Amino acid sequence: MAYQSIQIEKYGPATDMHFHTLDAREPGEDEVAIDVAYSGINFADIQMRLGLYPDAPKKPFIPGYEVSGKVTAVGKGVVGVKKGDDVIAGTYFGGYASHVTLPVRQVFKLPEGIDLEAGAALPVNYFTAQLALFEMARIRKGDRILIEPATGGVGVLAIQMARFVGAEVTGLTTSPHKKAFIEELGAKAYTVDEFKADKSLAGYDLVINSSGGIAIEWQRQRLGMTGRIICLGMSSMTKNGKRNYVKIASALLRTPRISVLKLFDANTGVYALNALNILRDPVWAEKLTSSMSEIQAMHLKPHVGKVFDATDVAAAHAFLETKQATGKVLLHWS
């Protein structure tokens, strides 16, 4: 059987990504074959397309970290998943494809009440939020939490998860018209400029940062005693999906070099999270996969901002990288 894939052959604009036809292989003993319905797009995909993602494979490669679809075949040693099941899966590259074959530990049944479209918005976003909120920060009822990427896929789930345990959540956006979206999720909303200007907005127990660079320092100053900031990425290195060497240099040079000795005075903590690296550990992968049983209990609802046909992948990347999106952007395989 042949299937379609989208590959990065050289670094540059999204229009440089190309379709290729590949031959599907039979699943091994502990593998699952899936006909993909939807592929999730993450900001990391944009960074790797620009050559700014150190964990990316050598070119050419198929980007993409998550899919949803229907199981077409399973290996002899597979239990818990069978042919015909609707599933979601983490792919660790290779997700921009109409068919994938993966180890069963990366595949899990679609949670009850979630369809395939919403399911494709879950894996990366849920795992990232779960790790940040409950493994690193260990949030509790009454904690005050500031989420910088509040309108993105991770932020949408993080707001819901934090509010479920009784935390007070504030979300940021660079786009004033997106404040209403944050408020609909049950969080207080500010633009970044509004928040920076109001020095009384401080004393947070947790800040989730995604832009990196200079923002780490001013956001760290808004922490209360024993508060912590968790850095998820360096989105400030890019602008409108283009490799900008001035912005790259600026982001790197303005990223604070934080002295442990000075942290004694602040009584705060600084974390950095690469959820995909953690998921490469089989023990952690099993732990996080098991935690997905909590999705229904927490009444989590992923927000899909827009779905593009897979043939429109360049437009999908442009939609995300120019900050038009709220929630998750998906590719649909017809």
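The values are calculated or read from the model by the stated rules, or taken from the named source; none is laboratory data. As the structure is a computational prediction, the values presented were derived from the model and not from experiment. Using ideal geometry, Cβ is built from the backbone for each residue, glycine included, and neighbour counts are taken over all protein chains shown. When the accessible area is computed, the model is the full protein with side chains, heavy atoms only, and any ligands, DNA or RNA have been set aside. Shrake-Rupley method; radii C 1.70, N 1.55, O 1.52, S 1.80 Å.
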message = What are the ³J(HN,Hα) couplings of the range 181-193, residue after residue, when phi is run through the Karplus curve with 6.51, -1.76, 1.60 and θ = phi - 60°? Round to Hz, x for glycine and proline.
response = 4, 5, 5, 5, 7, x, 10, 6, 10, 9, 6, 4, 5
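Roughly how big is the range 1-47's charge dipole about its Cα centre, with Cβ charges of +1 (Lys, Arg) and -1 (Asp, Glu), in debye to the nearest 20? Walk me through the numbers before you get to the answer.
On the way: 2 positive and 9 negative charges, 63 e Å.
Taking the Cα centre of the range 1-47 as origin, the dipole is about 300 debye.
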query = Given the protein chains as shown and a 1.4 Å probe, how many square angstrom of THR311 are accessible, to the nearest 10?
reply = 100
ask   = Hey, if you put +1 on the Cβ of every Lys and Arg and -1 on every Asp and Glu Cβ in the range 71-185, which of THR128, VAL104, VAL71 ends up farthest toward the positive end of that dipole?
value = VAL104
Electrostatic dipole magnitude of the range 100-207 [Cβ: Lys, Arg +1; Asp, Glu -1; Cα centre; debye, to 20] = 280
key: Degrees, to the nearest 10: 153-164 long Cα axis against longest axis of the chain   = 60
query = Which pairs break 31 Å Cα to Cα here: LYS59/LYS301; LYS179/LYS287; LYS58/LYS196; LYS10/LYS83; LYS58/LYS328; LYS82/LYS179?
reply = LYS59/LYS301; LYS179/LYS287; LYS58/LYS196; LYS10/LYS83; LYS82/LYS179
query = Taking only protein heavy atoms and a 1.4 Å probe, what accessible area per residue, in Å², does the range 1-126 have with all protein chains in place?
reply = 41
key: Carbon/sulfur fraction of accessible area - the chain, other protein chains in place, 1.4 Å, %   = 53
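Let me check against my output: what whole-number percent is the relative contact order of the chain, with C-alpha pairs under 8 Å and at least 6 apart?
18
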request  = Determine the dipole magnitude for the range 1-141: charges of +1 sit on the beta-carbon of Lys and Arg, -1 on that of Asp and Glu, nothing else is charged, the reference point is the Cα centre, and the result goes in debye to the nearest 20.
outcome  = 380
key: Acute angle (nearest 10 degrees) that the helix 282-291 long axis makes with the longest principal axis of the chain, alpha-carbon atoms   = 80
message = Per-residue counts of other Cβ atoms within 10 Å, averaged by peptide: what ranking do you get for 214-223, 133-142, 255-264, highest first?
response = 214-223, 133-142, 255-264
